[in-house]
Structures are given as C-alpha cells and as structure tokens.
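Any read-out appearing in this document is the output of simple, stated calculations on the displayed coordinates, not a laboratory observation. Values in this document were obtained by computation on a predicted structure and should not be read as measured data. Glycine also receives a Cβ, built like all others from the backbone with ideal geometry; neighbour counts cover every protein chain displayed.
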Amino acid sequence: MRIGVLALQGDVVEHEEVLSSLGVDAEEVRTKEELSSVDGLIIPGGESTTLMKLLEKEGLDKAIVVRYKEGMPIFGTCAGAILLAKEVVGKGAGNNQSTLKLIDMTIKRNEYGRQVDSFETEVELKGDVKPLKAIFIRAPVIERVGLEVERLAELDGRVVVAKYRHCLVATFHPELVGETRVHKLFLEMIKDNQQ
C-alpha cells in the first residue's frame, strides 16, 4: 500500500510520522507523476487558498479529481477538508475560493478563530468507545453536509469528521496529537477499495 501525502505546504511530516507509526510508508506528492503511483492521498492542513493555487499551478487539481473518480481514496485535514468541500463560505472565501468539490458539504473557513484561539479537546468517533483527541487550529466548521455524507464525529453539534464515498475529512489535526484512529480509518478505506 502506497499512501501519498500532498507535500506542497502544511503538516506533511506529521502525517508521514503517523503513517510510519502504523507501519505504512508515505510518498510525498508534488507532481502528477507522483500522484499516479499512490493508492490513497492525504491533503494536510495549511493555508487552503495557497494550497489550491499550488495545485492549479501544477495541474494537480484536475489530476486529483480524475484519480478520485477512478476510485482513489482521499483524506483531508483542516485546509485539506476545505479543498474537498463543494462550497466554501465565510470571510475571504465566497466565490473566490476554488476547491476540488469532491464532498457534498458547505464549510466555513477559520470559524473557530485565529491562531491564538486554538484548542485541544476530545470528540466521540462513531463506533469507538474511547474519545478521540482533537486539536483545532484556525479550524473550519462544516455548516452543512449532504444526505449521503456520513457524520463520524461531532463537537457541540457540528460535524468534525465526515465520510462521503471514498473521501474522508476532519476539520482538526489528528496528526499533531499522536492520534492514529482517523488515519487507520483511512487505511481501511484504501484496503476496501483494493478488494
């Protein structure tokens, strides 16, 4: 199993470390050629507008959509979740924020506040008895999910982990607190996809 981590900006090393702790090698993805050789892709946190511009510059935006349509699972955290959303609202977003539009949800950027408003908490992951550690840093809020989108975790009534077909998103950073369960869920999605 070859897992790609989009390595244009953001928490690349942290995701690689989580994958390594699970016995999986990570491949850094910066080009369409590197994307073509992976079984799944993680889009890390970072700055969503910058990430999208870099994807478009490299032609990776269209290549990711093609690979997704071919069945490749994708996991987006924080900014990665924004890039996967069908619609982005909020300050600085509107019609200017382009995305990959792969999951039927509306997301609002930086809704939990600025960097200084970052916080760590626990959320309940569906089907798991032990609470999941979650750190929110300038995190987005999922305001709406489509009928086919599965709600896997919520915080104060807001969806923070969601799954749609072979697309998984988290509005927080599991990779920054040594949490592996969301990554394990993603790896299971890839295994299911390979059968």
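Details
- Listed residue pairs exceeding 25 Å between alpha carbons, taken from Lys163/Lys184; Lys108/Lys130; Lys57/Lys163; Lys62/Lys163; Lys53/Lys126: Lys108/Lys130; Lys57/Lys163; Lys53/Lys126
- Rounded if a/c under 1.5, otherwise prolate or oblate - region 1-86, Cα gyration tensor axes: oblate
- Assuming charge only on the beta carbon of Lys and Arg (+1) and of Asp and Glu (-1), the dipole of the chain about its Cα centre is about 600 debye to the nearest 20.
- Note on region 132-195 and region 1-19: Cα centroid distance 16 Å, given to the nearest whole angstrom.
- The alpha-carbon of Lys133 sits under 13 angstrom from the alpha-carbons of these aspartates and glutamates, leaving out residues fewer than 8 places away in its chain: Glu120, Glu122, Glu124, Glu154, Glu175, Glu179.
- Shown is the FRET efficiency for Glu87 and Lys191, computed with R0 = 45 Å from the Cβ-Cβ distance and rounded to the nearest 0.05: 0.90.
- Measuring nothing but alpha carbons in region 3-194 and taking Rh as the Kirkwood radius, the Rg to Rh ratio lands at 0.92.
- Spread over its residues, the convex hull of the C-alpha atoms of region 130-195 is 97 Å³ per residue.
- Total formal charge among the other residues, if their Cβ is under 14 angstrom from that of Glu148, Lys/Arg +1 and Asp/Glu -1: +3
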